[in-house]
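Structure record follows, encoded as structure tokens.
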Amino acid sequence: MQNMRHIWFLAAKDLTIFVRDRASLFFFIVFPFLFIILFNFLLRGVGSEDSRLELHFATREPEGGLSHLILAGMETKDESLLAPGEPKIVREKDYAAARLAVEGGKLGGFIAFPENFTRALASGEPLELEVFADAGRAELRTALGGVARSLAAELAANQVVIRASVALLTESGIIPADEPSIAAAVRQMMGKITPAGGGSSLISFKVEKVGEVKETNPSDYVVPGYLVMFVFFAAAVSAEMIVRERQNHTLERLLATSVGRSSILGGMFLGLVIKGLIQITIFWVVGILAFRVDLGHSPLGVVILSVLMVLLSSAFAVMLATLVRTQRSAASLAVITSLVLAPLGGCWWPSFLYPLWLQNIAKISPHAWATSGFNKLMLFGANLGDVVPEVVALACFAAIFAVVAIWRFRTSAV
Amino acid sequence: MADDFVIVRDLHRSFNGFKAVDGVSFTIARGEIFGLLGPNGAGKTTTIRILATVLRPDSGEVIIGGHSATKDPQAVRRIIGVCPQELALYEDLSALENLVFFGRMVGLSGGEAKEQAMANLRLMGLEERAKGKVAKFSGGMKRRINFAIALMGHPELLFLDEPTVGIDPQSRNHIYENIVALKEKGMTVLYTTHYMEEADRLCRRVAVMDGGRIIAMDTPYGLKSRIGDPAKVTLEDVFLHLTGRSLRD
């Protein structure tokens with residue numbers, strides 16, 4: 001009981017000193033929100049809309065061929081009339097120029113109609129659409145391949161109808177059996193299939209919505225990222241205050257009273273934990289009210305991750321204080337560790353954007369586990385059960401830091 | 001002696017091979033003011049830190065008020081007060097808050113701590129500055145606060161490690177008068193100082209330390225008698241005679 005009272009008096013003393021230090025209050029509470037406002041502004045709109053897919057087409061056929069008629073019909077004349085998700089069809093005027101554009105990296109790829117398109121369509125010769133795409137643009141290549149296959153299937157079906165119609169018309173003598181007459185008839189039939197003025201019947205799009213697409217609020221990853229960074233940073237910097245206790249000889253004075261070492265350590269830790277809890281409360285309240293942060297399906301999971309972050313940061317601060325001898329080295333190490341671990345752990349931008357090898361390296365930092373947990377809960381709709389690995393990892397970090405701190409404090413000289 | 005409140009026997013303590021305390025033995029009777037004198041680096045502060053249970057000795061025995069400082073340090077801590085050589089204060093807290101905090105740490109209730117804190121501040125002439133932030137106090141005022149904290153909880157034994165070092169004559173005199181008052185009340189005090197005149201007037205007995213050892217121990221009168229006429233010789237003469245005139249680090 002006496003120990004608990006000592007722990008509380010020590011923590012209350014630290015909190016009193018903290019509250020009176022206006023610079024510390026600014027650094028702990030206001031400063032993080034300046035970062036959040038800045039990064040919210042910078043990241044506004046990122047991921048809020050889908051960029052429209054552009055499909056480029058060209059033809060190798062001479063002017064006057066049916067493919068020109070088809071492309072004129074397919075080409076998107078007015079982008080504003082396109083439905084959400086519908087791709088924009090761009091007609092490349094010159095096949096050679098389009099190839100050069102792909103080779104030069106200016107164009108991802110295109111579909112080209114062959115030189116013999118009209119003749120093949122009328123005579124039933126094999127029809128081969130050409131897909132020319134940048135080898136590095138795998139997604140576009142796949143999309144173009146898919147469109148080309150659909151187009152070829154549709155053309156093949158129309159080819160059968162046209163051939164049968166042409167045969168019937170020539171046999172019945174309605175049109176002459178010479179090539180110009182047959183071509184004119186085919187053009188007329190294709191004109192019915194691909195009406196001029198947009199809206200291709202050769203390619204149709206079906207847009208299926210899976211869930212409601214809503215604009216991503218950058219605060220949903222900016223606020224937890226900076227919470228992780230500043231909770232850790234603020235606690236780590238407090239290690240300097242603990243070292244100051246030793247250098248100011250107040251620690252020695254405390255040790256000469258009936259206060260045990262464990263109580264002193266407990267008091268320092270409790271003071272840091274209370275400060276951290278105040279900090280995360282302010283973070284979330286301001287985040288929800290001012291930045292409209294969505295805590296996702298499991299607010300309890302968010303709370304658990306936040307509290308664990310406070311506990312491990314406080315334990316880290318005490319551990320750091322027991323490992324260094326001077327205030328300067330404590331402050332330097334606190335700044336260095338915080339500024340290395342924060343970006344590595346995805347506090348400045350989402351770590352799921354990192355390459356896999358960097359994501360694996362980042363797992364050495366508690367920040368990565370914490371931000372991963374917050375992102376799962378707040379961006380990807382996960383539940384508490386989905387963040388158990390993150391919860392366990394953060395608890396392990398806290399336990400390791402605490403064990404080292406206790407061992408060092410018990411064995412180190414005053 | 002049966003009335004010895006402090007018993008120190010063959011105390012040793014080294015730091016990285018350097019013998020800071022090398023076989024120190026002495027006793028302090030209840031109600032006695034015992035002076036520990038010596039040049040810088042003589043081992044006085046290390047001895048006090050061991051007696052205050054902040055530091056463990058390599059060997060030797062310390063008994064305070066019947067309790068072993070090594071085997072039962074908590075019992076010793078309950079009956080001692082320490083005024084360290086350095087200013088061990090929270091500069092961001094007020095004078096009153098400093099005293100109340102350390103009062104709570106020695107086990108006083110909130111009311112008792114505040115009452116004793118105000119009484120001690122009055123004793124130190126700082127009652128009107130009770131709510132002033134310590135950071136804004138002069139060196140002399142901080143020394144008096146440092147001393148006042150050591151009195152919280154009414155300790156039976158007081159360690160005063162150079163309590164008057166580096167302050168103005170007024171503050172020094174004030175602290176000195178308070179020690180005289182404590183002497184009259186019968187408090188046991190272990191006192192270190194570089195001011196020989198203070199030691200001469202305050203201490204019943206004095207031990208002179210050098211190189212981690214006690215090289216002489218007697219009453220001020222007895223020490224002065226060793227080198228001449230006690231009426232003409234000062235304790236400083238004795239000190240210089242015993243420790244030499246060469247400069248110390």
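Filter A:Lys13/A:Lys363; A:Lys275/B:Lys133; B:Lys44/B:Lys133; A:Lys275/B:Lys136; A:Lys13/B:Lys19 down to the pairs with a C-alpha to C-alpha distance above 28 Å, please.
Listed pairs above 28 Å: A:Lys13/A:Lys363; B:Lys44/B:Lys133; A:Lys13/B:Lys19.
Using a Gaussian network model of chain A with C-alpha springs under 10 Å, which one of A:Gly267, A:Gly105, A:Gly287 is most mobile by mean-square fluctuation?
With Cα springs under 10 Å in chain A, the top fluctuation among A:Gly267, A:Gly105, A:Gly287 is at A:Gly105.
Among B:105-117, A:171-183, what's the highest-first ranking by average C-beta atoms within 10 angstrom per residue?
The peptides rank, most packed first, as B:105-117, A:171-183.
Can you list the lysines whose alpha carbon is less than 28 Å from that of A:Lys106, not counting same-chain residues fewer than 8 positions off?
A:Lys77, A:Lys88, A:Lys93
Could you work out, residue by residue across A:243-256, how many beta carbons of other chains sit within 10 Å of that residue's beta carbon, and then give the average as an integer?
Shielding by partners across A:243-256 averages 6.
Indicate, rounded to the nearest 5 percent, the antiparallel portion of the DSSP beta bridges found entirely in chain A.
35
Quickly estimate the mean residue ellipticity at 222 nm for the protein assembly as shown, helices only: each DSSP H run with n ≥ 4 gives -39500 (n - 2.57), and the total goes over all residues, rounded to 500.
Rounded to the nearest 500, it is -17000 deg cm²/dmol.
With θ taken as phi - 60° and the coefficients 6.51, -1.76 and 1.60, list the Karplus ³J(HN,Hα) couplings across the stretch B:228-244 in order, rounded to whole Hz; mark glycine and proline as x.
Once rounded to whole Hz, the list reads x, 6, x, 6, 10, 8, 9, 5, 5, 4, 4, 4, 5, 4, 7, 9, x.
Would you mind working out the magnitude of the charge dipole of the stretch B:19-79 relative to its Cα centre, with +1 at each Lys and Arg C-beta and -1 at each Asp and Glu C-beta, to the nearest 20 Debye?
Here the size comes out at about 200 debye.
Around A:Val324, what is the net charge, scoring Lys/Arg as +1 and Asp/Glu as -1 over all other residues with Cβ under 14 Å from its Cβ?
Overall, the nearby charge balance is +3.
Within straight cross-link reach of B:Lys71, meaning Cα distance under 20 Å, which aspartates and glutamates are found once same-chain residues fewer than 8 apart are removed?
A:Glu252, B:Asp4, B:Asp10, B:Asp58, B:Glu61, B:Glu156
For B:Ser59, put the label point 7 Å out on the Cα→Cβ axis and report which residues of the stretch B:4-43 keep their amide N under 17 Å from it.
B:8-26
Where a number appears in this text, it was derived from the coordinates with a stated rule and is not lab data. For clarity, every value in this text was computed on a predicted model and none was experimentally measured. So basically every Cβ, Gly included, is an ideal-geometry build from the backbone, and we count neighbours across all protein chains shown.
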